[in-house]
Amino acid sequence: MAGAKRKMLALAVSPGRSESANKPPNQTQLKRKASPAKLKKLFVSDNVQNVVSERSQYFTREPQHRLGEDFFHQPCISLAKALLGKVLVRRCSDGTELRGRIVETESYLGGEDKASHSAGGRRTDRNLAMFMKPGTIYVYPIYGIYLCMNISSEGEGAAVLLRSLEPLHGLPVMRELRAARRKESARQLKDKELCNGPSKLCQALNIPRCFDRRDLASDPEVWLERDPDESPIKYPGYSVSAAHRDRVPRGVG
């Protein structure tokens with residue numbers, strides 16, 4: 001959703017808290033490459049058994065810190081801010097859990113927002129998730145090959161775009177998933193580069209188009225959790241900044 005004046009929120013986090021900060025991938029992980037056939041199957045069938053698995057100690061239990069419906073029932077800008085510091089969890093078919101802390105969001109205010117897919121109250125089969133109950137996932141493609149993940153909020157056609165995550169758990173799997181969409185000769189991505197963009201985080205957490213219209217409050221494969229480390233008292237390095245994104249008129253520049 002590109003266009004008119006935008007509201008972006010970012011969370012500045014104290015560095016060095018990802019699980020791999022002091023634990024670089026071993027040589028086996030660096031050298032191992034999946035064949036193109038396997039990589040294609042990986043994205044189509046969500047079969048992550050061909051890559052390095054790193055299971056969470058919680059994968060056999062229901063999430064204890066899962067955010068329920070009440071959390072999502074708030075205005076769009078308020079939700080965009082509330083999402084900062086929360087953890088997006090993706091449970092794969094083999095029980096592997098991929099986790100990333102939300103550090104940047106962008107709000108789209110519905111009919112009044114000219115940059116929104118729902119501008120002017122426009123409702124289509126593509127953007128229907130934006131008009132569904134708060135907490136509904138809206139996944140849409142860009143450039144025909146990439147995906148972006150949004151979360152609906154209160155307000156007709158309003159939703160929050162997830163722009164960036166701080167990877168926390170399952171980094172070897174994330175790295176393989178990202179590598180599957182890059183040239184074989186490309187350098188290995190740094191941890192901070194795994195999820196530092198809307199489409200990158202969808203690749204790293206294997207968020208497919210079919211997740212569109214799913215309910216984050218109840219879905220067994222993807223959900224949000226409250227991070228016990230998000231307290232600004234415990235981590236004074238946290239700060240929230242807001243910025244506007246302005247559209248450049250055609251013919252300028």
Exactly one condition in (1) of a type outside the set (Phe, Trp, Tyr); (2) on the phi < 0 side of the Ramachandran plot; (3) not in a loop (DSSP other than H, G, I, E, B) is not met by residue 120; state its number. (2)
Based on this model, can you work out whether residue 195 counts as under 30 Å from residue 114 (Cβ atoms), of a type outside the set (Ser, Thr, Tyr) and surrounded by fewer than 22 Cβ atoms within 10 Å (Cβ to Cβ)? no
Output yes when any residue across the stretch 204-223 is modelled with pLDDT of 95 or more and among the β-branched types (Val, Ile, Thr), and no when none is. yes
Residues satisfying the stated conditions in the stretch 119-145, i.e. in contact (Cβ under 8 Å) with a residue 24 or more places away in the chain, over 25 Å from residue 218 (Cα atoms) and within 20 Å of the chain's Cα centre (by Cα): 142
Log entry, pairs with first residue in the stretch 60-87 being surrounded by fewer than 19 Cβ atoms within 10 Å (Cβ to Cβ), second being among the basic types (Lys, Arg) and at pLDDT 95 or above, beta carbons closer than 8 Å, six or more apart or on different chains, reads 69/133
Sort out which residues of the stretch 60-118 are over 19 Å from the mean Cα position of the chain (by Cα) and closer than 20 Å to residue 197 by Cβ, and write them in order of number. 115
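I'd like the full set of residues that are of a type in the set (Phe, Trp, Tyr) and out of contact with any strand residue (DSSP E or B) (no Cβ under 7 Å at 6 or more places or on another chain), limited to the stretch 127-173. Break it down stepwise before answering.
Just the residues of the stretch 127-173 that are of a type in the set (Phe, Trp, Tyr), to begin with: 131, 138, 140, 143, 146.
Matches in the stretch 127-173: 131, 143, 146.
The values are calculated or read from the model by the stated rules, or taken from the named source; none is laboratory data. Model, not experiment: these values are computed from the prediction. Because the Cβ atoms are built from the backbone with ideal geometry, glycine has one as well, and the counts that use them run over all protein chains shown.
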